[in-house]
Structures are given as structure tokens and as C-alpha cells.
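A.B. asks: Input: one structure, supplied below.
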Amino acid sequence: MSSKVSSLREAVAANLHDGDTLAIEGFTHLISFAAAHEVIRQGRRDLTLTRLTPDLVYDQMVAAGCASKLVFSWIGNPGVGSLHAIRRAIEEGSLEVEEYSHHGMVARYAAGASRLPFFPLRSYDGSDLAKVNPLIRRVASPYDGEEVAVVPPLNPDLAIIHAQRADADGNVQAWGIVGVQREAALAARRVIAVVEELVDASVIRDDPDRTLLPGTVVDAVCVEPFGAHPSFAQGYYDRDNAFYRDWDAISREPARLAAWLDEWVIGLDGRAAYVDRFGSAAMEALRPEPRPSGTVDYGRYR
Amino acid sequence: MSDASPDELMIAAAAAELAGVRTVFVGIGLPNASANLARHSVAADLELIYESGVVGARPSRLPDSIGDPALVSGAAATMSMRDLFGGFLQGGRIEVGMLGAAQIDRWGNLNTTVIGPYERPTVRLPGSGGACEIALNARRVIVVMNQSTRSFVDRVDFVTSPGHHRPDGSGRRPAWAGAGPTAVVTQLGVYHFGMAGEMELAGLHPGVDESTVDAGTGWPMRRAESVAHLPEPSADTLAAIRRLVG
């Protein structure tokens, strides 16, 4: 099998086009800021961005002018407040929004992954969400006639997920909070996995339960240490909560945000340069103490 | 006079509402502190479950967000959000959901979406997250929020998470849904819901009188059969809260 390893620049250029629907998923954990910054540098436009929680990653992409539409379920800076660039774009009318609840978004990816025309869930009864989003509908059960809420499938053109490790065949392993990473990737037409480290195939094959996505569904593997900063990679580095707090003041002022993008995204040629500028000592300070689990023995069979 | 702050009174009162509970769906902030206090007092077997898919968290520090890595290390389980919202929450395995809101009405309808009209909001709030399905599928809901005539309103601007009836008093919860909001904890007191699903004053924090509650409510607040005077949190409870909140 030929290696799926490529540079992030090549992977984004080959797999993402203007007008595409893009899902950079990862629920608070493993958010690929490295990939988002590469998309900004390549100047992609008119994207539909989908994510349960747009987070700083989409605030930055919206500020950079990459997006024309946002599909989401919770829009805020977790533990801090608002996402100001997105809020401004909504208020100016330059960003269309389509809003669900978390379970609604999860169900949309699940329908997309399973090639179903809709997905039923027990939600939205008595909520105004269905009034403002005509795609949240109801169907009667063919068994007992009971009505249930349904949401349509979501099939991103490209899903980008971050994970702890992968092998060259594209078998991706992640642990900690896995959110909707698997469903989003299985729903997508193309998948890029960005990982903290590339490991030998034997590391993956000695612990197959930890594999989030097998290589058959992954188009490219890109190795970018600290690629999820300021979000985190369980066991590798902590969430940079100070960065999340500082972002509030940066994104509040358009001029300051533009200067930040120039300095930290557009003016750099990749994640390694970002880590250099941040300071490798400051990055290292985010590393946790070790807390290894016991080993699991799958056995060797004759 | 109480030396507990308004937040500390809310944490203590919300923790008391969790007595004997096994599974609680929590967010960060006051609900998180309340659930942790309850786990160390009135609900020793309480398992904290977070929207991020973490079950049975034993955080070594107070989490900054529901996705804090300290929630994962030492937890009983992590699961995908499909399993959490599908098999766990929708499966009826969550006893109590704790929610906050910017606005609440007398029926317990919660707004976390917009102040003003949806298309042209005065304030755009974060939206549902998992709150809409938590409000419907948890076996019951405890709301923790600040109270004033801006938050305790006659009509919420948007129903994100449904209470006992529609804002005009019509309709009812679907047969499959949980019991809905059973308690609301604010800096002024504790509220329960009567047989008709309407909020009523059940308890006052130390130093608060009924006229203060009426002045902080945007509709005529009903009274429970008896209105309790909630006890001052003990020195031990206050010390525990201060350890938790840091």
C-alpha cells in the first residue's frame, strides 16, 4: 500500500475547493487549528462550515473571509463568552446560519454516514428551534403513528480531524473525548487526518480498539505536532485556557484580529513556524504529567 | 447576616436538590460546583456526566470548559456524542439535567438563543447545545440562574428548551419526555413547580424576603403551600464550596 502521508499544504490544496462544505470537527478536544490556518493561507472562499461548536477555529476562518454559511448547535467561546467575528458577520448579513441542537447535529452526521434520507430523534417538541429552521421536521412512525422529529443528512465534501497518532496507511488512533469525529469523517466524501505523531503500523495493530478510523476512509495523513493548539490533545498537551480568554479581546476589534491573522497565520508558512513563534518552551509548559494506563493483552493465537 | 456570597448560597441550595441522585448531566460554572459539592455530601454515588461524552468524571481541578482534559483523566468512561445523546440521554439513563438560562418563564421554558427577535437579535446567545434534548429527556431538570425582572420574564423571547407548557400556557410535554423542570435555584431562593406546571416560591435564602422575590419576577409569583427559610450553609459546607471554587 502506498503511503498516505503528505504535507498539510498539499492535502488541503488537493481536497478542498471554493464553495465546498467543510467539517473541522473535534468537540473541544483535537480541533485542527493547523488545518484551519492552512485553509486561510490558501485563500479558500464561499465555504459552508459545519461544526457543533464553531469555537475559535471558525471565528478565525470567518474573520479571514473563508465562509459564507455556518451550520452549528452552540456558538460561543467555551467558558469565556462570545465569538465576536462570527457575531459581526451574522449582524452584517454576510454569514448565513443554520441552527440545530447538539443531538440534531450528531444525528445529521449519522444520517450522512449511513446514507439515510433523515434521522429521527427525541428533541425539539415545544422548542422554537423548529420554527426558525424549516429543515427540522416531523414524521409519523409507520408502526404506531407517533410523530418524531427528524433532521436531514449532512455530507461534508471534506472532513478534517485531528488525532494523537496514525500509521502511514492512514489508520488513525485517538483517545479521550472523541465527540463526533468518527461520524463526521464517515459522512464526508474526503477525509484528512492531522496527527501529533506518525507511528509504525505495529503500534496501531497491537491495539486496534483504539483506532478511530481505519485507513480505508482516510485520504491523507499529515503530521503536525501541537497542531490542535490552543485546543488540546489528551496526554500530549493541555488546553490553553489563557489563549481562549485572550481571544475575547482580540476578536472584539476587527483591526486587532486582522493583525493577529497576519502575524500568526498568513505571515507563517506552517505549524512548525507557529510553534516556533509561540515558543517551544511555552508549548512544552502545556504538557501534562504522565498518567499511563495499564496494558491490554489481545493475545497471540495459534 | 450571612457571610456566604450569593453564588455560594446558590451552589449549596442546588447541591441539596441533588440528594440521593446517581446520574447528573452538568455544565461548567455553578452547576458543576453544585454537583461536585453534592458528590461530597448528599449524593455520595453521584456520577457527573458531561456533554462532551465524559461519564463519572473525577476532575483534579475545577474545569474551565466541559472539554477539559482533567475531566477525562480518572473518569469512568468516555463515549462518543452519538452514544451519549442517543443511548444514554435519550435512553432515559440521566436522572437530573442541570441547565442555566438567560430567561425563564413561569412554565420553566428556557431561552439561551436570542434576546429580541431571532432574525435581528439585540443579543445573540450561544443557542441550545444539548440543552433542548436535556430539558426533554432527563428524568427531571434543575435550573440554576440569576434572577431579576430581565431573566424571570412573563414571555421568553425564544423557547430553546421546553418547560411544562407553551409560553401561552397551552400544550403539554410529550408522553415520552421526562418530568421537566422541578426546581429553579437563584440568588434569592428556590422555586418548585405546582401540579399545573407553574413555578412557585418554595424557599428563601437567608436575608431575603418575599417582597424582594416579587420585585425580581416579571409575573405574579405563586407561593408553595409553605415557603421555607433556607438554612445558612454550615461552616463545613462553605469551606467545601470554597475548596471547589478555588
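Each reported figure results from applying straightforward, stated rules to the coordinates on display, with no laboratory input. Since this is a predicted model, take the numbers as computed values, not measurements. FYI the Cβ positions are ideal-geometry reconstructions off the backbone, even for glycines, and counts take in every protein chain you see.
A.B. asks: Among A:42-52, A:283-293, how do they line up from the highest to the lowest mean number of other beta-carbon atoms within 10 Å?
C.D. replies: The peptides rank, most packed first, as A:42-52, A:283-293.
A.B. asks: Another one. Could you pull out the GluC sites (Glu not before Pro) across the range A:135-240 that fall in loop regions by DSSP (anything but H, G, I, E, B) with no more than 15 other Cβ atoms inside 10 Å?
C.D. replies: Those that pass, being in a loop and sparsely packed, are A:E146.
A.B. asks: What list of ³J(HN,Hα) couplings, whole Hz, do you get for the range A:155-162 from phi and the Karplus terms 6.51, -1.76, 1.60, once you set θ to phi - 60° and write x for glycine and proline?
C.D. replies: 10, x, 5, 9, 10, 10, 10, 9
A.B. asks: Averaged over its residues, how many other protein chain Cβ atoms are within 10 Å of peptide B:74-81's Cβ atoms?
C.D. replies: Mean inter-chain Cβ contacts per residue within 10 Å come to 5.
A.B. asks: Of the candidates B:E198, B:E51, B:E119, which one comes out as most mobile in a Gaussian network treatment of chain B with C-alpha springs shorter than 10 Å?
C.D. replies: The residue that fluctuates most here is B:E119.
A.B. asks: Can you put A:S280, B:S128 in order, fewest other beta carbons within 10 Å first?
C.D. replies: A:S280, B:S128
A.B. asks: Per residue of the range A:27-35, in order, report the coupling 6.51 cos²θ - 1.76 cosθ + 1.60 (Karplus, θ = phi - 60°) as ³J(HN,Hα) in whole Hz, putting x for Gly and Pro.
C.D. replies: Values per residue, Gly and Pro as x: 7, 6, 10, 6, 8, 7, 5, 4, 5 Hz.
A.B. asks: Oh, and also: So which chymotrypsin sites (Phe, Trp or Tyr not before Pro) in the range B:40-148 end up in coil per DSSP with only 16 or fewer other C-beta atoms within 10 Å?
C.D. replies: Those that pass, being in a loop and sparsely packed, are B:Y118.
A.B. asks: Taking the number of other C-beta atoms within 10 Å as the exposure measure, put A:E91, B:E133 in order starting with the fewest.
C.D. replies: A:E91, B:E133
A.B. asks: In a Gaussian network model over chain B where Cα atoms closer than 10 Å are linked, find which of B:G97, B:G86, B:G197 has the largest mean-square fluctuation.
C.D. replies: Sorting by GNM fluctuation, first place goes to B:G86.
A.B. asks: Please quote Rg/Rh for the range B:94-141 to two decimal places, taking the Kirkwood radius as Rh and restricting both calculations to Cα atoms.
C.D. replies: We get a ratio of 1.02 for the range B:94-141.
A.B. asks: To continue, here is another question. Taking amide H positions as placed in the peptide plane 1.01 Å from N, state which residues far from B:T23 in sequence (5 or more) or on other chains have amide H under 5 Å from it.
C.D. replies: Counting only residues 5 or more places away or on other chains, the set is B:E47, B:E95, B:V96.
A.B. asks: In peptide B:146-159, how many Cβ atoms from other protein chains are near each Cβ within 10 Å, on average?
C.D. replies: 1
A.B. asks: For the range A:79-146, which trypsin sites (Lys or Arg not before Pro) are in a loop by DSSP, counting at most 14 other Cβ atoms within 10 Å?
C.D. replies: Loop-located and lightly packed - A:R115.
A.B. asks: Expressed as a fraction of 2.2 N^0.38 Å, the rule-of-thumb size for a compact globular protein of N residues, what is the C-alpha radius of gyration of chain A?
C.D. replies: 1.02
A.B. asks: If the viscosity is 1.002 mPa s and the temperature 20 °C, what Stokes-Einstein diffusion coefficient in µm²/s follows for the range B:6-245 when Rh is the Kirkwood radius over Cα pairs?
C.D. replies: Calculated translational D: 119 µm²/s.
A.B. asks: Which semi-axes, in whole Å and largest first, does the equivalent ellipsoid of the protein assembly as shown have when worked out from the alpha carbon gyration tensor as the square roots of 5 times its eigenvalues?
C.D. replies: After diagonalising the Cα gyration tensor, the semi-axes are 39, 26, 24 Å.
A.B. asks: Another question about this same structure. Kindly provide the helix-only [θ] at 222 nm of chain B, computed as the sum of -39,500 (n - 2.57) over DSSP H runs of four or more divided by all residues, to the nearest 500 deg cm²/dmol?
C.D. replies: When only DSSP H runs of four or more count, the value is -5500 deg cm²/dmol.
A.B. asks: Okay, moving on. Which whole-number percent gives the relative contact order of the range A:128-226, counting Cα pairs below 8 Å spaced six or more residues apart?
C.D. replies: 28 percent
A.B. asks: Could you tally the net charge around B:G180, taking each other residue with its Cβ under 15 Å from the Cβ of B:G180, Lys/Arg +1 and Asp/Glu -1?
C.D. replies: 0
A.B. asks: Then there's this: Taking every eigenvalue of the Cα gyration tensor of the range A:181-302, multiplying by 5 and rooting it, what semi-axes result, largest first, whole Å?
C.D. replies: For the range A:181-302, the ellipsoid semi-axes come out as 33, 19, 13 Å.
A.B. asks: Still on this structure, I have one more. Enumerate the amide H contacts of A:I24 below 5 Å, restricted to partners 5 or more residues apart or on another chain; note that Pro and chain-start residues carry no placed amide H.
C.D. replies: A:T50, A:I160
A.B. asks: Counting only other chains, and only Cβ atoms inside 10 Å, what mean value do you get across the residues of A:71-77?
C.D. replies: Counting Cβ atoms of other protein chains within 10 Å of each residue's Cβ and averaging gives 5.
A.B. asks: To continue, here is another question. To the nearest 0.05, what FRET efficiency results for B:A228 and B:R155 with a Förster distance of 35 Å applied to their C-beta separation?
C.D. replies: For R0 = 35 Å, the calculated efficiency reads 0.75.
A.B. asks: Give the long-range amide H neighbours of B:L110: residues separated by 5 or more places, or on another chain, with amide H under 5 Å away, using H modelled in the peptide plane at 1.01 Å from N.
C.D. replies: B:T160, B:S161, B:G163
A.B. asks: Continuing with the same structure: Just to be sure I understand: with springs between alpha-carbon atoms less than 10 Å apart, which residue in B:I142, B:I115, B:I49 has the highest mean-square fluctuation in the Gaussian network model of chain B?
C.D. replies: Among B:I142, B:I115, B:I49, the largest GNM mean-square fluctuation belongs to B:I115.
A.B. asks: Using the Karplus equation 6.51 cos²θ - 1.76 cosθ + 1.60 (θ = phi - 60°), what ³J(HN,Hα) coupling, rounded to whole Hz, does each residue of the range A:187-198 give in order, writing x for Gly and Pro?
C.D. replies: For the range A:187-198, the Karplus-derived couplings read 7, 8, 6, 9, 9, 10, 10, 9, 10, 5, 8, 9 Hz, x marking Gly and Pro.
A.B. asks: Taking neighbour counts of Cβ atoms within 10 Å as a proxy for exposure, in what order, fewest first, do A:C66, A:C222 appear?
C.D. replies: Least to most surrounded, the residues fall as A:C66, A:C222.
A.B. asks: Between B:S211 and A:R45, what is the spin-label point distance in nm, taking each point 7 Å from the Cα along the Cα→C-beta axis?
C.D. replies: Taking the two extended label points, one gets 6.5 nm.
A.B. asks: Same structure, new question: What value, in deg cm²/dmol to 500, does the helix sum -39500 (n - 2.57) over DSSP H runs of n ≥ 4 give at 222 nm once divided by the residues of chain A?
C.D. replies: -8500 deg cm²/dmol
A.B. asks: State, as an integer percentage, the relative contact order of the range A:169-260 based on alpha-carbon contacts under 8 Å between residues 6 or more apart.
C.D. replies: For the range A:169-260, the relative contact order is 31 percent.
A.B. asks: What ranking do B:35-45, A:17-27 get when scored by the average of other Cβ atoms within 10 Å per residue, highest first?
C.D. replies: A:17-27, B:35-45
A.B. asks: Let me ask another. How big is the gap, in Å, between the Cα center of the range A:260-299 and the Cα center of the range A:97-115?
C.D. replies: When both Cα centres are located, 30 Å separates them.
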